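Just below is one structure, and these are the notes that go with it.
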Amino acid sequence: MAAFLEPESRAAGAGAGLCFGNFVFGCELTGSTRSYTFKVDEDDDSEHILALSMVCLTGGAKDECNVVEVVGRNRQNQEIAVPVANLKLSCQPVLSLDNFQLQPPVTFHLKSGSGPVHLTGRHQIMHRRALSEEEESEEEEEELTPVMPARKQQRRQ
């Protein structure tokens, strides 16, 4: 299960043409649902970032090792699988991932254990918006004037 809640969009400064969106993300991995893939529409030219904040065991978890693995792509566009959490109810039921950023598509696997393990974070979207003719003309007018050096004052003797 995944949820995208609380949309929050804002323009990135006057005339910049960038819009940001932040959405709450969450998914649950269990013995019956061992993987979840987060992906975006291939036709979407916006930049998407999934920032994971926490992974934790939830109600009904057994005292066993629950290993969560992330499968994504590295800089050479090769698939790579990395374990990011090893949770056990009696010693480490929660792990902060400190906004660990991933680019979709990314798949989460419950490699061992039966969960339930819950991952939370934020889906960030950055896209360019079309500027109106008025905004484009304002942007052109906002040229910076050069800074002139200060004149040195002579001391009176």
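Bear in mind that the values in this text are calculations on the coordinates, not laboratory data. Fair warning: this is a prediction, and the values are worked out from it, not measured in the lab. All Cβ positions, glycine included, derive from the backbone under ideal geometry; neighbour counts span all protein chains shown.
Local charge for residue 90 was computed over the other residues whose Cβ lies under 11 Å away, with Lys and Arg +1 and Asp and Glu -1, and equals 0.
Pairs exceeding a 18 Å alpha-carbon distance, out of 39/88; 39/62; 88/111: 39/88; 39/62. The residues neighbouring residue 50, those whose beta-carbon lies less than 11 Å from its own, together hold a net charge of +2 under the Lys/Arg +1, Asp/Glu -1 convention. Using the Cα gyration tensor of the range 9-107, with a ≥ b ≥ c the square roots of its eigenvalues, what is the shape: rounded (a/c below 1.5), prolate (a/b larger than b/c) or oblate (neither)? It is prolate, given that a/c is not under 1.5 and a/b is the larger ratio.
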